[in-house]
Amino acid sequence: MLSLREESIKCDGCGRCQLACSLGPALRVPVNDQGIPKLRPPLLWFDEIEGRRQIFVCRHCENPICVDACVAGALWVDSKSGMVRVHQNRCIGCYSCVMECPFGALRIVYPVEEPSTNGVVHKCDGCIGWQAPLCAIFCPTGALQTAKNAAERASKRRRERAMFVSLTTGTVSCAAKKHG
Amino acid sequence: MAKYVIIGNSAAGLAGVKAIRSKDPCGEVTIISDEKHFPYSRVLLTNYIAGHIEIEDFFLEDRDLFIRLKVNQLLGTRAIAIHPLHRTVEMETGQVITYETLLIATGGLPAFPINLPAKIKGITGLRTIEDAINIRQQAMAGAKVVIWGGGLVGVKLACALHEAGNSPEMIVSSPHLLSQVADDEGGSLVQRHMERHGIRIRCSADVVRVVQDSAGGLKSAVLTGGEQIPCHLLVVCKGVRPNTSLVDKLLSSSGGIPVDSRMRTRLPNIYAAGDVANTYDITRQESRLMPIWPHAVAQGRTAGLNMAGEKAQYRGSLPRNALEILGLPFISMGIVQAPAQEEWEVSIHHQGNNYQKLVYFKGRLVGAVLTNRVEPAGRLQASIRSAAGDWLDQYSV
Ligand SMILES: Cc1cc2nc3c(=O)[nH]c(=O)nc-3n(C[C@H](O)[C@H](O)[C@H](O)COP(=O)(O)OP(=O)(O)OC[C@H]3O[C@@H](n4cnc5c(N)ncnc54)[C@H](O)[C@@H]3O)c2cc1C
Ligand code: SF4
Ligand code: SF4
């Protein structure tokens with residue numbers, strides 16, 4: 001599974017990545033008489049820092065501290081793909097993970113129709129099901145590139161450990177002395 | 001086969017169990033808790049009181065987690081003593097459990113001021129599912145609730161009750177809310193926001209005693225000046241104290257259990273993690289209690305890995321809090337109030353609800369308070385941590 005590598009110095013802030021990200025899920029449903037499906041909010045962001053438009057997107061860390069900080073069990077590591085994912089229905093919008101991520105890759109998004117209701121965390125979903133992250137495919141400057149994700153780069157031993165800690169299914173097997 | 005015993009089945013204990021199993025699939029693991037529940041998140045108790053989630057949403061893992069991980073569960077029973085010489089834990093049932101390594105993850109308990117008579121109906125803390133159910137039931141029945149304490153839990157509870165349609169009143173001894181985690185301006189900003197929503201907050205006030213009605217129920221709380229506030233339920237939110245009762249006779253430590261960077265206590269083969277442990281604060285450069293969820297998980301993980309034979313280091317604690325206060329995000333971390341001394345600098349940007357305060361010591365970031373626009377928080381935490389790295393011995397309070 002491919003993930004992202006970022007060389008933000010190359011980024012000129014054109015925002016094509018955001019467009020590709022919003023479009024992603026819509027490209028998977030057939031466009032019929034109902035018209036064009038609704039776009040979702042993009043899962044990566046730009047902020048102006050020190051006069052430059054900078055990009056904020058998830059690295060799918062090997063030891064994701066956002067997952068440690070989640071007070072509701074909403075963030076988890078998908079051991080199949082190595083991606084850090086969200087169960088949005090579990091999220092209470094508490095900002096605990098926002099406080100942790102050094103890459104500013106998580107945002108709490110409030111529904112536009114009902115801004116008074118609780119916000120829910122949004123972050124890169126890893127484009128699971130696509131061959132590569134769409135943002136990287138559409139990035140014209142090479143600021144976003146596809147790369148092996150942290151879990152694949154990590155040594156097997158470390159990977160087993162990181163994966164196991166957030167294991168969602170499977171049973172410990174002592175006889176085999178191995179897991180994962 | 002190694003025998004691991006974990007006392008406490010919450011953030012730290014659960015992270016410890018998972019870390020042990022990630023290294024050692026074979027050792028015998030036993031988890032003990034006097035709460036009968038499967039591991040749940042205390043942080044969500046106020047979300048339940050507000051009516052946003054249901055009890056099932058508290059639980060952190062699949063119900064079969066401990067079965068899959070082959071962990072013995074001793075739930076709903078209390079450990080009453082630890083005997084380090086024999087390496088045993090004594091249970092209230094008389095059962096004795098031997099360990100090779102032990103993790104104390106017994107967490108914290110609500111701190112009750114001494115002037116309150118114990119066990120009066122209508123006086124409670126907020127720490128467990130049962131506390132939350134009780135508070136919610138009474139609030140829904142229209143009870144008049146007084147919250148004593150303006151810290152994190154008090155603020156979250158006041159907002160939750162407000163959202164549930166109850167009209168709580170807060171009694172806060174400091175001049176503004178969140179005095180332990182926010183600076184004056186940030187705390188006052190949060191307070192004004194809550195007051196605009198109609199929550200009544202009395203600052204610089206304290207409860208000195210309570211009055212009961214003829215049936216033994218709570219009638220009112222009496223404040224410092226003699227004023228009586230009618231209330232059916234008084235929720236004491238005056239902070240947490242570490243639940244150290246198992247080691248009080250073994251360790252001469254006031255406050256929490258001191259641990260090193262691998263979560264080892266001074267007792268052989270005994271580790272501690274979470275709200276019960278005294279860990280190293282990288283900004284204040286001293287060991288102290290910093291009872292928050294992310295610390296408990298990271299410490300539990302570190303303890304578990306070390307118990308299972310790995311050399312894992314804890315990255316150090318950084319006191320920090322994130323809150324969502326009736327639509328207003330608030331994040332604070334590190335040292336938020338700079339002493340009026342030369343080496344300290346402060347930068348403040350304040351516009352409407354957007355407040356950003358950065359605190360520097362000798363030119364390095366040591367603390368931050370943010371409201372409304374809190375997105376930079378993660379980056380700021382990273383810079384505080386990297387600044388702390390190479391100046392560890394220069395700082396004293
Ligand atoms: C209402 C509320 C809101 C909070 N909100 C936040 C928040 O927004 N963000 C944040 O970071 N933190 C928050 N916290 C703090 C957070 O919940 C704690 O930091 C965290 O639960 C600590 O986990 P722990 O595993 O150390 O201990 P605990 O969660 O206290 O668990 C300890 C367990 O050990 C058991 N135990 C203790 N002694 C014994 C014994 N002798 N025998 C058997 N079992 C025993 C206890 O019954 C308990 O189940 C909140 C806490 C509360 C109460
Ligand atoms: S959200 Fe941040 S901390 Fe979490 S995996 Fe992505 S980059 Fe890492
Ligand atoms: S905002 Fe949501 S995902 Fe983030 S820590 Fe809170 S509950 Fe977890």
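The values are calculated or read from the model by the stated rules, or taken from the named source; none is laboratory data. All of these numbers come straight from a predicted model, not from anything done at the bench. Methodologically, a virtual Cβ is constructed for each residue, glycine included, from the backbone with ideal geometry; neighbour enumeration extends over all protein chains shown. With ligands, DNA and RNA removed, areas are computed over all heavy atoms of the protein, side chains included. Shrake-Rupley method; radii C 1.70, N 1.55, O 1.52, S 1.80 Å.
If I take R0 = 25 Å and measure r between the Cβ atoms of residue B:92 and residue B:62 in this structure, what FRET efficiency does the formula 1/(1 + (r/R0)^6) give, to the nearest 0.05?
After rounding, the FRET efficiency stands at 0.30.
Among the trypsin sites (Lys or Arg not before Pro) in the stretch A:1-45, which ones are in a DSSP loop with at most 16 other Cβ atoms within 10 Å of the Cβ? Mind listing them?
Qualifying residues, ordered by number: A:38.
Please give the FRET efficiency for residue B:137 paired with residue A:48, using the beta carbon to beta carbon distance and R0 = 45 Å, rounded to the nearest 0.05.
0.40
Please list the non-local residues whose amide H lies under 5 Å from the amide H of residue B:208, H modeled 1.01 Å from N, same-chain partners needing a gap of 5 or more.
Under 5 Å from the amide H of residue B:208 lie the amide H atoms of B:222, B:223, B:224, each far enough along the sequence or on another chain.
Taking the Cα-to-Cβ direction at residue A:34 and at residue B:167 and moving 7 Å from each Cα, how far apart do the two end points lie in nm?
Result: 4.6 nm between the two label points.
Can you tell me, using C-alpha contacts under 8 Å and at least 6 residues apart, the relative contact order of the stretch B:327-390 as a whole percent?
For the stretch B:327-390, the relative contact order is 34 percent.
Could you tell me what percent of the DSSP beta bridges with both partners in chain B are antiparallel, to the nearest 5?
Around 60 percent of the beta bridges assigned by DSSP in chain B are antiparallel ones.
Of the listed pairs B:36/B:156; A:10/B:362; A:80/A:123; A:80/B:3, which have alpha-carbon separations greater than 23 Å here?
Long pairs (Cα-Cα over 23 Å): B:36/B:156; A:10/B:362; A:80/B:3.
Under 1.5 on a/c is rounded, so check that first for the stretch A:3-149, then, if it is not, pick prolate when a/b is larger than b/c and oblate when it is not; a ≥ b ≥ c are the square roots of the alpha carbon gyration tensor eigenvalues.
Because its axes are fairly even, with a/c under 1.5, the stretch A:3-149 counts as rounded.
Relative to the Cα centre, what is the charge dipole magnitude of the stretch B:123-236, using +1 at the beta carbon of each Lys and Arg, -1 at the beta carbon of each Asp and Glu, and rounding to the nearest 20 debye?
The dipole of the stretch B:123-236 has a size of about 240 debye.
Is the stretch B:51-137 best put as rounded, prolate or oblate by its Cα gyration tensor, with a ≥ b ≥ c the root eigenvalues, rounded for a/c under 1.5, and otherwise prolate when a/b is larger than b/c, oblate when not?
Verdict is oblate for the stretch B:51-137.
Rounded, prolate or oblate for the stretch B:340-386? Axes are the square roots of the Cα gyration tensor eigenvalues, ordered a ≥ b ≥ c, and the cut-off for rounded is a/c under 1.5.
oblate
Averaged per residue, what accessible surface does the protein assembly as shown expose to a 1.4 Å probe, in Å²?
Per-residue value: 44 Å².
Pop a pseudo-label 7 angstrom from the Cα along the beta-carbon direction at both residue B:341 and residue B:200 and give the gap in nm to one decimal.
4.3 nm
First measure r as the distance between the Cβ atoms of residue B:209 and residue B:353, then evaluate 1/(1 + (r/R0)^6) with R0 = 45 Å and state the FRET efficiency to the nearest 0.05.
Given R0 = 45 Å and the Cβ-Cβ separation, E is 0.75.
Please get the size of the charge dipole for the stretch B:266-318, origin at its Cα centre, with Cβ charges of +1 on Lys and Arg and -1 on Asp and Glu, quoted in debye to the nearest 20.
Value, rounded to 20: 80 debye.
Quick one: buried accessible area between B and A, total over both chains, 1.4 angstrom probe, nearest 100 Å²?
3400 Å²
I'd like the isolated cysteines in chain B, meaning no second cysteine's beta-carbon lies under 4.7 angstrom from theirs.
Cys with no partner Cβ under 4.7 Å: B:159, B:203, B:231, B:237.
Which stretch or stretches of the stretch B:228-266 have amide N atoms under 14 Å from the point lying 7 Å from residue B:37's Cα along the Cα→Cβ direction?
Answer for the stretch B:228-266: none.
What does the helix-only formula give at 222 nm for chain B: each DSSP H stretch with n ≥ 4 adding -39500 (n - 2.57), the total divided by the residues, and the result rounded to the nearest 500 deg cm²/dmol?
Using -39500 (n - 2.57) per qualifying helix, the result is -6500 deg cm²/dmol.
So which aspartates and glutamates pass the test for residue A:38, namely a Cα distance under 15 Å, with those fewer than 8 places away in the same chain ruled out?
Once the sequence-local aspartates and glutamates are set aside, what remains near residue A:38 is A:113.
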